[in-house]
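Here's the structure we're looking at; comments come further down.
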Amino acid sequence: QVQLAESGGGLVQAGGSLRLSCAASGRIISINAMNWYRQAPGKQRELVATITSGGTPNYADSVKGRFFIFRDNAINTVYLRMNSLKPEDTARYYCNVATVVGHYWGQGTQVTVSS
């Protein structure tokens, strides 16, 4: 079993920045992709950013150029740096990791951007 612990959410004004962290622990055999999703009230969960085990990132169009995902494989941690935040970025952000035995989710961290 893999546990994910997210941190770094909070309240920020539009134009501000936050950095989310997600640390994986437990029976970690091999982590492939590490991902950040978000879900706003009344909306479906959407993929925000993903990074392969080799470090190749990919982003949703809505966050390209503003959000940056990176990982530290030595400590099984993935980060999401969010710049130029907009009110429409307000959501609960979830960490997700893909391993050889399945996908795991964190509990989420709330990000609220005020206008």
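Once the stretch 96-112 is narrowed to residues that are under 29 Å from SER84 (Cα atoms) and among the polar types (S, T, N, Q), the residue that is least open to solvent (accessible area, probe 1.4 Å) is ASN96.
Scanning the stretch 57-79 for residues being under 15 Å from LEU4 (Cα atoms) and in contact with a Ser or Thr (Cβ under 8 Å, 6 or more places away or on another chain) gives a total of 6.
Where in the stretch 48-115 are there strands (runs of 3 or more DSSP E), lying wholly inside it, with at least 3 residues that are in contact (Cβ under 8 Å) with a residue 60 or more places away in the chain?
In the stretch 48-115, 77-82, 91-99, 109-114 are the strands (runs of 3 or more DSSP E) which contain 3 or more residues that are in contact (Cβ under 8 Å) with a residue 60 or more places away in the chain.
Among the residues of the stretch 11-19, are any out of contact with any strand residue (DSSP E or B) (no Cβ under 7 Å at 6 or more places or on another chain) and touching a residue at least 12 places away in the same chain (Cβ under 8 Å)? Within the stretch 11-19, one or more residues are out of contact with any strand residue (DSSP E or B) (no Cβ under 7 Å at 6 or more places or on another chain) and touching a residue at least 12 places away in the same chain (Cβ under 8 Å). Counting only residues that are open to solvent by 40 Å² or more (accessible area, probe 1.4 Å) and either under 10 Å from the mean Cα position of the chain (by Cα) or under 12 Å from CYS22 (Cα atoms) (or both), the stretch 74-91 holds 3 of them.
Comparison of GLN44, GLN1 shows that the only residue that is open to solvent by 60 Å² or more (accessible area, probe 1.4 Å), in contact (Cβ under 8 Å) with a residue 12 or more places away in the chain and out of contact with any His (no Cβ under 9 Å at 6 or more places or on another chain) is GLN1. Filtering the stretch 32-47 to residues that are part of a strand (DSSP E or B) and aliphatic (A, V, I, L, M) leaves ALA33, MET34, LEU47. Screening LYS64 against (1) out of contact with any strand residue (DSSP E or B) (no Cβ under 6 Å at 6 or more places or on another chain); (2) of a type outside the set (Asp, Glu); (3) crowded, with 18+ Cβ neighbours inside 10 Å leaves a single unmet condition, (3). Here is a check on your reading of the model: is ALA49 within 16 Å of TRP105 (Cβ to Cβ), open to solvent by less than 40 Å² (accessible area, probe 1.4 Å), modelled with pLDDT of 95 or more and over 11 Å from the mean Cα position of the chain (by Cα)? Answer is no for this residue.
The values are calculated or read from the model by the stated rules, or taken from the named source; none is laboratory data. Keep in mind it's a predicted model, so treat the numbers as computed, not measured. Positions of Cβ are backbone-derived with ideal geometry, glycine not excepted, and every protein chain shown enters the neighbour counts. Surface areas here come from the heavy atoms of the whole protein model, side chains and all, with no ligands, DNA or RNA. Shrake-Rupley method; radii C 1.70, N 1.55, O 1.52, S 1.80 Å.
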